[in-house]
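The values are calculated or read from the model by the stated rules, or taken from the named source; none is laboratory data. Please read these numbers as outputs of a predicted model, since none were measured by experiment. Methodologically, a virtual Cβ is constructed for each residue, glycine included, from the backbone with ideal geometry; neighbour enumeration extends over all protein chains shown. With ligands, DNA and RNA removed, areas are computed over all heavy atoms of the protein, side chains included. Shrake-Rupley method; radii C 1.70, N 1.55, O 1.52, S 1.80 Å.
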Amino acid sequence: AAYAVSADGNLAYIQASVYNAEAQLLWVDRSGTETPVLATPGIFSEPMISPDGRRIALTVTQRGQSPDVWVLEVQRGTMSRLTAAGGSEFEPLWTPSGDRVVFVSERPVFDLYWRPADGSTPAEPLVISEFDKYPGSFTPDGRVLVFTHSLDPKSELWQVELRDPTRPTMLLDAGTSLGNPSVSPDGRWLVFTSSETGRSEVYAVSYPEVSRRRQQVSAEGGTQPLWTRGGRELVYRDGSRMMSVTLEPASGTLGAPQVLFEGDYLYSNRQARSYHVSPDGERFLVVKRPLAKAPRQVTIVTNWFRELTEKVGT
């Protein structure tokens, strides 16, 4: 829901018909040139490219329905629905082998489920607990899943070995909001976001021993970090800018942040990444809402607490 309520009882909201407007799924190269992935727009979000680059898992919301995860065959342009449990299911993440997709299922807590990408068997629970969870990244061997564990108003980074997913363990707790964990292709580094400075910044730490070699990657704010080019580059979003930072895997030496391109691309309203990058690091998968359908008006309702009390009681 696109709304917020202030402490003194004022309500602000964007109409659902505008907030959930249709958008285009696009490739963007490193110079900012856009190429449509699909000719037909839809209510798309959280696209994730499969390890072989042939499929895209994404969240699709159909009018009047809860969001679900679908799989797009890129070359053929066909889409198949992967989830249909009746509630909200979103934020897909491919396993390194590309044979399964992990996703969030609201039951009513945000739990982690997974299912074969071809839909050959039903979805199964992966990580279940009393708090919301968001998938982050697998280790390169596919044996460990790192995820965000939400304990409002803060969030922590946890991990779980898939051989025994009933025993997740905490990885990082900074007493603030952590998110978007991503393990490097060589398994030696972990990047994530933290709001400890008052705004979201990207950090890198050694992995699996996360208490060593911690350093800040972004300079002026950053979210949604991803690895490219075999782990020698990090990309992340800074508002409308797509940023790039080189990283030497052996030493951890970081380069200066550089702007790749800039554009009005959709942000996810959850912990999810709102873009993805091709295996070769040359193309970025983004969602862009036509400007004509972008939210143009926020409605303010003053004294909303009084109105609420009059309608439903104290």
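The table that follows gives values for the structure above.
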| quantity | calculated |
| --- | --- |
| Relative contact order [Cα under 8 Å, 6+ residues apart], the stretch 1-138, whole percent | 13 |
| Peptides ranked, highest mean first, by Cβ atoms within 10 Å: ranges 143-149, 299-305 | 143-149, 299-305 |
| Label assignment, mean projected area of the Cα convex hull in nm² derived from the structure, set (1) 20.6; (2) 17.3; (3) 16.2 | (2) |
| Accessible area per residue in Å² at 1.4 Å probe, computed on the stretch 74-175 | 49 |
| Ranked by how many other beta carbons lie within 10 Å on average, peptides 109-122, 209-222, 229-242 from highest | 229-242, 109-122, 209-222 |
| The chain - percent of accessible surface contributed by carbon and sulfur, probe 1.4 Å | 49 |
| The stretch 15-67: C-alpha gyration tensor shape, a/c 1.5 cut-off, then a/b vs b/c | oblate |
| Simple Cβ-charge dipole of the stretch 236-279, Lys/Arg +1 and Asp/Glu -1, about Cα centre, in debye nearest 20 | 180 |
| Protection proxy ranking of 156-166, 5-15 - average other beta-carbon atoms within 10 Å, highest first | 156-166, 5-15 |
| 222 nm mean residue ellipticity, helices alone, for the chain (DSSP H n ≥ 4; -39,500 (n - 2.57); rounded to 500) | -1000 deg cm²/dmol |
